[in-house]
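Visitor: Right, I'll just put the structure down here and ask away after.
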Amino acid sequence: MGSVVTTREAPRFWSSVREAIRGSEQDFTTGSINRAILLLAIPMVLEMAMESLFAVVDVFWVAHLGSNAVATVGLTESMIILVASVALGLSLSTTAMVARRIGEKDHEGAAVAAVQAIAIGLLVAVVVGVIGVVDGPALLRLMGAPPDMVRVGSSYTRIMLGGCATVVLIYLNNAIFRGAGNAAIAMRVLWFANLVNLILDPCLIFGLGPFPRLGVTGAATATTIGRGLGVVFQFVVLARGTDRIRIGLQQLRLNFDVMARLVRVSITGILQFLIAHTSWIGLVRIVAMFGAAAIASYTIAIRIVIFAILPSWGMSNAAATLVGQNLGAREPERAEKSVWKTGFYNMVFLGALGVFFILFAEPVIHLFTTDPAIVPLAASCLRLLSYGNIFYAYGMVMVQAFNGAGDTVTPTIVNVFCYWLWEIPLAYWLAIHAGLQARGAFLSIPIAEGTLAIASMILFRRGRWKTQQI
């Protein structure tokens, strides 16, 4: 009987996979939960895999320029994370509001919410971009970069921060598509942006063919161009519209009531990511006490981990969409069941990757660098981070479930405790007082993430998120 069921189910499974990649309009508030997760998760996982390629491809090519160049990317990335925190926080409320309106069958309301989110994102990007262009070198020095690193990396930092509108908008617009259930469109945007980045990166870094040799600055230029063209692609799709979301001339207006609700939910969402991401800056400052090789080791290892975790974050985004749409359709029990199933699938996926990285840390690091000062420490960092993969899997799904319900307060409180009151002091104690140096900072990460996952699961079971209004 088991083989018969398998034979019958296999064509249906692969048909769903093809449909997920191709994209189709679906009602995720009825029917099979497993199929809903599959149709949303596959394009979202592939979307986030493409996003992670930006980080991995850049550091792969930049690693050929030496530890100062890699460290510049790492320090600048820590500052870009602040911009990403704002974009992600606003994206949370955007996905939640668009998904809730779609669940209520209010497509006009979904489009209005999308326009308000884009307007807020543009305002933030302009402010940060001007600061980045004017004060890029000063910001690098503030992060602890020595003079030679500032000299090499100032242009990189200026371009990355000055072009932060591409980061903000690519996150926001894809959040709109995900909230509407159009995950395949968000996936295609990142495919296109990454293709541009993959082609331009080596050309602009090393001066291949007619391109100028820009060194580490070329990586920033390629990434910004790739993301910028991806944003153009998004706006074209939004203007043409889908069955669920379309922004026409009648929606191109400011609605201060909707904007105020978005800002209210976004503030705690932004704070949530700022708390999490600024803790990474705190960790970088601790690691920086042990030299450029330590920063480079951390940068390479964390990029590899991000490459693995971002696809899992895509699966977590599926949980957010399912929660938002099912709460809009007044199906809270279906929303809860969707989250637990998504968490399990995420744990299987990310747990398997964790085992791979633990077993093959050195060969993986060797793909990026053979520097004897970096390889052992980077491999140690990769192993330590990978021990926490199962916790990361459940933690991110629970956090996104709260966010999809519009409850950004609960994960924000959890983040304050787990990151700033637990992770940073622990990292400092392990690195300095316990004598583990940079490895102590690395070890604090899986410990803190484990704490976050357990706390989030307990709070999710209480079910207060089911009554959240947005």
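No value in this document is a laboratory result; all are computed from the given coordinates. As the structure is a prediction and not an experimental result, all values here were calculated from the model. Here Cβ is always computed from backbone atoms with ideal geometry, including for glycine, and neighbour counts include all displayed protein chains.
Visitor: How about the stretch 210-264: which trypsin sites (Lys or Arg not before Pro) there lie in a loop by DSSP and see at most 11 other Cβ atoms within 10 Å?
Guide: Here the trypsin sites (Lys or Arg not before Pro) that fit, given the DSSP loop and packing criteria, are ARG253.
Visitor: For the ranges 191-204, 351-364, what's the packing order if you count other beta-carbon atoms within 10 Å of each residue, average per peptide, and put the highest first?
Guide: Answer by packing, highest mean first, reads 191-204, 351-364.
Visitor: Further question on the same structure: Find, to one decimal place in angstroms, the Kirkwood hydrodynamic radius of the stretch 29-467, where the mean of 1/r is taken over every pair of different Cα atoms and then inverted.
Guide: Averaging 1/r across every pair of different Cα atoms and inverting gives 21.7 Å.
Visitor: Let me ask something else about it. Based on the mean of other Cβ atoms within 10 Å per residue, sort peptides 157-163, 452-458, 91-97 so the most packed one is first.
Guide: So the order, starting with the most tightly packed, is 91-97, 157-163, 452-458.
Visitor: Something else about it: Counting only Cα atoms, I'd like the Rg/Rh figure for the stretch 101-179, Kirkwood definition for Rh.
Guide: 1.22
Visitor: Working from Cα positions, state the angle (0 to 90°, nearest 10) between the long axis of helix 389-404 and the longest principal axis of the chain.
Guide: The answer is roughly 50 degrees.
Visitor: Between the DSSP loop rule and a limit of at most 16 other Cβ atoms within 10 Å, which chymotrypsin sites (Phe, Trp or Tyr not before Pro) in the stretch 53-146 are left?
Guide: Counting only loop positions with at most 16 other Cβ atoms within 10 Å, none of the chymotrypsin sites (Phe, Trp or Tyr not before Pro) in the stretch 53-146 qualifies.
Visitor: Would you work out if the stretch 340-470 is rounded, prolate or oblate? Take a ≥ b ≥ c from the square roots of the eigenvalues of the alpha-carbon gyration tensor; rounded if a/c is under 1.5, else prolate when a/b is larger than b/c, oblate otherwise.
Guide: The shape class here is oblate.
Visitor: Would you work out if the stretch 235-337 is rounded, prolate or oblate? Take a ≥ b ≥ c from the square roots of the eigenvalues of the alpha-carbon gyration tensor; rounded if a/c is under 1.5, else prolate when a/b is larger than b/c, oblate otherwise.
Guide: Prolate.
Visitor: Measure nothing but the geometry: give the 0 to 90° angle between the long axis through the Cα atoms of 292-328 and the longest principal axis through the Cα atoms of the chain, rounded to 10°.
Guide: 10 degrees
Visitor: In degrees between 0 and 90, to the nearest 10, how far off the longest principal axis of the chain does helix 183-206 point, with axes built from Cα atoms?
Guide: Taking Cα atoms only, the helix is inclined about 20 degrees.
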